[in-house]
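Comments concern the structure below.
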Amino acid sequence: MRRLLALLLLGVTGLCGAENIKKTVDISSIDRNFKIKGIGRFDGAYYNVKSAPIALEGLAFMQENKGDFYRILRTLTAREVNKGVVFLANHTSGACVRFRTDSPNIVIRAKLAYSYDMSHMTRAGSAGFDSYAAYNGKLIYQKTIMPKAGEKSIHALIGKNPDRQMRDWLINLPLYGGVESLEVGIEKNSTIQAPTPHRISDPVLFYGSSITQGGCASRPGNNYTSMLCRAVDAPQINLGFSGSARGEEAMAKVIGKLKMACFVYDYDHNAPTVKHLQKTHEKFFKIIRSMQPELPIIILSRCNFRNNQPDNARRAVIRKTYENAVASGDKNVYFVDGETLFAGDLRDSCTVDGTHPNDLGFFRMYEHVLPVLKTALKIK
């Protein structure tokens, strides 16, 4: 009898399973916390982020590019760098907007130039925005918003300020998506002002691979570059180009012309061979150094170091650039061994796919690079 009852229950369960397979269930109808909500009616004023008092940061060539959300000079061609760099410069990794407001609600209205889902990265990270508000001088994470699948428009609440205190706000732009337009909305009878100046006025500039660009952080603020810049209170310029950072001379010359507080570079993953690294790595460093003799420069080797022959050979090339610089009397160069970046328990849990860091991996990178960055910037 029990066996017959079990078979009957199994049959019912199977039928229910088959019925469910035929239907597409929206998870947000089951768990409302997954629902992407629109703003509804909003009675306030909108401000273009390209205009004062809002500060749009992270796009070093905004003026030369006539206001484009584009990370390199428009005049830099694929022949001088490569097609990947020219395309990925449309992605807004490292860009953010900053302002002060006492508005109880903060809204953004955005139109994306690109919006697509990736197999190994959240849409919140690739195409989303996240916000931070200052409490007692420290930026605290508030909210993440992202487009619906296949859509390019976002109109949503990105922060609340119920006590209506005048606070600094920071909103990060997408890591792997492009922005066509962006406005910040505040409530009627509220004030918006220029943000509090950074502690470090000049930006920290990062050049490197998909890992530098932010793949695969769950949201923009969790990229290790963003965590570092929040920690030292400096602007960020992110020149991470997924699969495309190859240490071209033209890129070094463009970077060398920019005013920076520190330069961090790590394109090990994108160098196709050890010979390519040997040909480009020290040359890239020397171009930057010749243009800015006193600039602090931090050199990283790959974070997912496996202690095999190829990884050891690559690290040796990168370390040699550092050692030669020190031997020549350079006192503003630093080396971070990639083998240390995921160090500690759960080292094998630091990536999404064996290469790209998840949030744990990015936090580990932040932890190990931060003391070096503070030393380079002379922060006690």
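At a glance:
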read-out: Count of segment 132-189 residues which are buried (at least 19 other Cβ atoms within 10 Å of the Cβ) and either of a type in the set (S, T, Y) or not assigned by TED's automatic domain parsing to the domain that holds S51 (or both); value: 3
read-out: Filter result (buried (at least 17 other Cβ atoms within 10 Å of the Cβ) and at positive phi) within segment 234-266; value: G247
read-out: The listed residue being under 13 Å from the mean Cα position of the chain (by Cα), over 18 Å from D359 (Cα atoms) and aliphatic (A, V, I, L, M), out of I237, I158, I186; value: I237
read-out: Residue, modelled with the lowest pLDDT, within segment 306-339, restricted to residues that are in contact with a Leu (Cβ under 8 Å, 6 or more places away or on another chain), closer than 21 Å to L373 by Cβ and of a type outside the set (A, V, I, L, M, F, W, C); value: G338
read-out: Odd one out for S126, checked against (1) in contact (Cβ under 8 Å) with a residue 60 or more places away in the chain; (2) under 26 Å from G67 (Cα atoms); (3) not charged (D, E, K, R); value: (1)
read-out: Condition broken by S244, with the remaining ones in (1) assigned to a loop (DSSP other than H, G, I, E, B); (2) more than 18 Å from the chain's Cα centre (by Cα) satisfied; value: (2)
read-out: Flag for H269 being at pLDDT below 95, surrounded by fewer than 24 Cβ atoms within 10 Å (Cβ to Cβ) and over 18 Å from L360 (Cα atoms); value: yes
read-out: Given (1) among the aromatic types (F, W, Y); (2) part of a loop (DSSP other than H, G, I, E, B); (3) closer than 25 Å to D43 by Cβ, number of the condition Y116 does not satisfy; value: (3)
read-out: Filtered residues of segment 196-236 (kept if basic (K, R) and in a loop (DSSP other than H, G, I, E, B)); value: R199, R219
read-out: Leading residue by the ranking (surrounded by the most Cβ atoms within 10 Å (Cβ to Cβ)) among those in segment 205-233 that are under 12 Å from S93 (Cα atoms) and of a type in the set (V, I, T); value: I211
read-out: So T101, is it touching a residue at least 24 places away in the same chain (Cβ under 8 Å), closer than 20 Å to I54 by Cβ and of a type in the set (S, T, Y); value: yes
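Yes or no, residue by residue, for (1) assigned by TED's automatic domain parsing to the domain that holds D233; (2) at pLDDT 95 or above; (3) touching a strand residue (DSSP E or B) at 6+ places or on another chain (Cβ under 7 Å); (4) not aromatic (F, W, Y):
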| position | (1), (2), (3), (4) |
| --- | --- |
| G84 | no, yes, no, yes |
| N90 | no, yes, yes, yes |
| Y116 | no, no, no, no |
| H120 | no, no, no, yes |
| F129 | no, yes, yes, no |
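The values are calculated or read from the model by the stated rules, or taken from the named source; none is laboratory data. What you are looking at is a predicted structure, and each value in this text was computed from that prediction instead of being measured. Here Cβ is always computed from backbone atoms with ideal geometry, including for glycine, and neighbour counts include all displayed protein chains.
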